[in-house]
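Notes follow once the structure below has been shown.
Read-outs throughout are calculated quantities, based only on the coordinates presented, and are distinct from any laboratory measurement. These numbers come from a predicted model, not from an experiment. Counting neighbours? That spans all protein chains shown, and the Cβs are built from the backbone with ideal geometry, glycine included.
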Amino acid sequence: MSSIFKMSIVTKIFLLFSIVILFLWVIPTTTSYYKNRNRYNQEKEKLEKLDTREVPKDIKHFHSEVFTTYAKSFFDEVSVVSIPNNKYRVTISFPIESLSKFYSFLQNISLDYKVIVEDNIIFRQKDKNISVEMRLKPY
Amino acid sequence: MSNKRQYITITYYKEREFYFLNYAIQTKDGFIPKDIEQFHESDKIKFIEKIRKLQAEYPNHHIVSISLVANQIVAQKSSPNRATAKIFKDTYVIQDDIDVGDIPTTLYFSPFTILYEHYKNILDDKLTLIIGYFDRKLFMMFVTENKIHQSWIIGTRGLTEKQIAERVYKSIQAYYKISYSFADHIEMLVAEENPKLLKFLREELSLHIELSQSNIHNLLHHMASNQEIAKSSYIKSFKKIDIAQNIEEKDETKESSIKKVRERHNLEDIKIDESSKKGIINRFKLFFSKKDDETASILATMLPILLVLVVGTFFHIKNSEISSKINLLDTEINSYKNSVALSSISKNIFQAIGKNGQIRRATISTDGVDLTGIVWGIEPLKMSLKKLYRDGKFTIKPLKNFRTEFSFISKG
C-alpha cells in the first residue's frame, strides 16, 4: 500500500485510467464476446439440425453463372437475369412430373447459396409444363 | 581507520564497449589505488550496483569520471547555457551538457583540465603543445604558463600511428597559420604506452617529445584528491573533500548527518531537483528523453494501460467478428426457413389442385396465395383450399365440359 503513495502522479493517473478502462470497457467486452461465442455455437447447431441433406455442403456466395450451371444440373431451362436492387430473377421451366424435384431444389437453395428467396414465387402452367419465376437476393 | 571515515575516490570511464571502474583510498600523502574492474556495457546494471556498493561501504567518497566527448573546447569565457568548467583564471572548458546518463557521478573532468593540472608546473612562456591520448582521441592544446591559446580534438579511430602523427603535424601547421607560432616542444600524456606512435611522432614532427604515462584512473584520483583541484570539475556543486586523519569512529548521529549532506549533493538528486521544477507536460517530454533504466521504469508505468488497451482491443475485434458471424448465421437460418415454407406452400397448392386441375398463374408467398386456373370438379379443390386458407375467397366461372375456371385469393 505504501508503494502506491510513493508513485509519481503520472503513474497514478495511468493506473487509474487503466482501472477505469478495465471495468467500463474490457470486462464488458470480454463477457459479451464469450456470450456471443456460446450463442454462435448454438446457432450453428441449430442450422446443422435444419440441414437434412444427405451430404451437407458448405454455403457459397451467389454468382449468377455458377448458380445457372448449378440449376441446369436439375432442370433443362434456366434463366438468371440481374434486376435492380442487387436482385436476380430466376426463371425455371420443367415438366409437371418434376415438381417434387423443384420443391427440393427450392428448399435447399438457401443452404447452398447465400441468397434469400423472396416471397411471391409465380408459377405458370401450360399443358404439361410448369414455368416458375422467383427473385433471389444475395446477402 | 574505519571505512566510514576514509575518503575514497571511485573512478570510472567508458572506452569502446567497456566500463572501467577503480577506487583508491585518499590520504594526506597520496592515494592508494585498488584493482581495476572491467564491465561490458551489457552488464551496466552490475557496474552501477558495484558503484552503489562502494558508496555504501565508504560513505565519505566522490565518484569521479572523465568527459571523453569530442565537442569540448577551451575558451576565455564561460557559457551560461552549456556545461562549463574553469581550468584557471579566464580559461574555461565548455561542452554541450554533462552526459553521465544514470551513472552517479559527483566530479566530472575534461581531459583538457586534467592535462593542464598534470603539466602546469613545467609550463613557462614558451609555447608547448600538450597532447593527451584518451579513448582513441588526441586532446591537444597549445599552452603557455598563463594561457591556453588553442585546443583541438582529433579522432584517431581507424588510423595508423603514421597517420596520427601526420594529423598532429597538420594541427601544428594549422596553428602556425593562425598564430605564426610553432610549439617549442611537445608533452604527451598517454593512458597506455604506445612506442610506435611515439616513434612516428618524433619522425614526423622533428620535435622533442616528452612522454608521460598515467592511466585515467590515477589521473582522476589525483583530480579529486583535494578541494582546490576538484573545483575545476564540470559539476560545480559538490560536497567538500575531507581526507580524515586517524580518527576513531564517530557516533552514529554525526555520521548520519554527513550521509544526509552527501545524499543532497549527488548528481541524481540534482537531476531530480531540476525535473521537479517542471510541469506535468514537461514530465511527459522528459519521459521520451530518458535512457536505459529510466526508460524501463517508464515502460513499467505504462504497462498496465498498454495491457488493458491490448486486451480490450483484442476482445473488441473478436466480439465484432463473432457478432458478424452470428448475423450471417441468423440470415442463413431465416432464409432457409423461408425457402422451406415456400416449398411447402407450393407443394400443398399443387396437391390441392391435383391431377384434375391446371394452374394458369399462381403467386405464392408466405403471406398468402393468388391462384387462377381451370379445374374439373370444383368441390374437392374448394375443400382442399379452404382447409389451407379459411379466409380465402373463391371466384368461380363454369365452363363447358364440366370445367370450371376459378380464382382464389388468400392472405395467410
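Apply the a/c threshold of 1.5 to the C-alpha gyration tensor of chain A and tell me whether it is rounded, prolate or oblate. Prolate, since a/c reaches 1.5 and a/b exceeds b/c. Put simply, the Cα atoms of the stretch B:7-277 extend 62, 40, 36 Å along their principal axes, the longest span coming first.
Counting beta carbons within 10 Å around each of A:PHE75, B:PHE142 and listing the fewest first gives the order A:PHE75, B:PHE142.
With +1 on each Lys and Arg Cβ and -1 on each Asp and Glu Cβ, and nothing else charged, work out how big the dipole of chain A is about its Cα centre, in Debye to the nearest 20. Its charge dipole is roughly 700 debye. Taking the stretch B:310-412 on its own, what percent of its Cα-Cα pair distances exceed 22 Å? It works out to 46 percent of all Cα pairs. Span-like helices, chain A: DSSP H, alpha-carbon axial extent 15 Å or more, mean Kyte-Doolittle -1.0 or greater, which ones? Sorted by number, the helices that extend far enough and score high enough are A:9-21, A:99-112. Tell me whether the stretch A:2-50 comes out rounded, prolate or oblate; compute the Cα gyration tensor, take square roots of the eigenvalues as a ≥ b ≥ c, and use a/c under 1.5 as the rounded threshold. Prolate shape, in that a/c is at least 1.5 and a/b is the bigger ratio.
May I ask for the distance between the Cα centers of the stretch B:103-146 and the stretch A:57-84, given as a whole number of Å? Cα centroid to Cα centroid, the span is 92 Å.
Computed from backbone phi, the HN-Hα couplings of the stretch B:340-345 come to 4, 5, 5, 4, 5, 5 Hz, rounded to whole numbers (Karplus: 6.51 cos²θ - 1.76 cosθ + 1.60, θ = phi - 60°; Gly and Pro given as x). Excluding same-chain neighbours fewer than eight residues apart, the lysines reachable from B:LYS46 by a Cα-Cα span under 19 Å are B:LYS14, B:LYS34, B:LYS291. Rounded to the nearest 20 debye, the dipole size of the stretch B:7-277 about its Cα centre is 600 debye, using +1 on the Cβ of Lys and Arg and -1 on the Cβ of Asp and Glu. Dipole of chain A computed with +1 at Lys/Arg Cβ and -1 at Asp/Glu Cβ about the Cα centre; of A:ILE92, A:ILE19, A:SER110, farthest Cα towards the positive end is A:ILE19. Amide H contacts of B:THR27 (H built 1.01 Å from N, in plane; Pro and chain starts excluded): B:ILE32 sit under 5 Å, all sequence-distant by 5 or more or on other chains. Each of B:PHE139, B:LEU115, B:ILE154 was scored by the projection of its Cα onto the charge dipole of the stretch B:115-173, and the greatest displacement toward the positive side belongs to B:ILE154; charges sit on the C-beta of Lys, Arg, Asp and Glu. Applying D = kT/(6 pi eta Rh) to the protein assembly as shown, where Rh is the Kirkwood radius over alpha-carbon pairs, T corresponds to 4 °C and eta to 1.567 mPa s, the Stokes-Einstein value obtained is 39 µm²/s. Assuming a ≥ b ≥ c are the square roots of the Cα gyration tensor eigenvalues, decide whether the stretch A:84-136 counts as rounded (a/c under 1.5), prolate (otherwise, with a/b larger than b/c) or oblate. It comes out oblate by the Cα gyration axes.
Magnitude of the charge dipole for the stretch B:317-412, about its Cα centre and with charges confined to Cβ atoms of Lys, Arg (+1) and Asp, Glu (-1), is about 480 debye. With neighbour counts taken as other beta-carbon atoms within 10 Å, the residues B:HIS222, B:HIS208 rank, fewest first, as B:HIS208, B:HIS222. Among B:THR128, B:LEU307, B:VAL190, pick out the residue whose Cα is farthest towards the positive end of the charge dipole of chain B, where Lys and Arg carry +1 and Asp and Glu carry -1 on C-beta, about the Cα centre. The one lying farthest along the dipole's positive direction is B:LEU307.
Which whole-angstrom value gives the distance between the alpha carbon centres of the stretch B:297-336 and the stretch B:18-48? First find each Cα centre; the distance between them is then 54 Å.
Binning the alpha carbon pair distances of the stretch B:13-96 at 10 angstrom intervals from zero yields the distribution 15, 33, 30, 22, 0, expressed in whole percent. Can you return the lysines within cross-link range of B:LYS199? Criterion is Cα-Cα under 22 Å, with same-chain partners fewer than 8 residues away left out. Within reach: B:LYS137, B:LYS162, B:LYS170.
Note on A:LYS44, B:LYS382, A:LYS49: ascending count of other Cβ atoms within 10 Å places them as A:LYS49, A:LYS44, B:LYS382, the fewest first.
Which whole-number percent of Cα pairs in the stretch B:1-149 have a distance greater than 25 Å? For the stretch B:1-149, the fraction of Cα-Cα distances above 25 Å is 38 percent. Over the stretch B:7-277, Cα pairs under 8 Å with separation of 6+ residues give a relative contact order of 19 percent. Within a straight-line Cα-Cα reach of under 17 Å, B:LYS239 can be paired with the following lysines, leaving aside sequence neighbours fewer than 8 residues apart in one chain: B:LYS4, B:LYS231, B:LYS254, B:LYS259, B:LYS260, B:LYS271.
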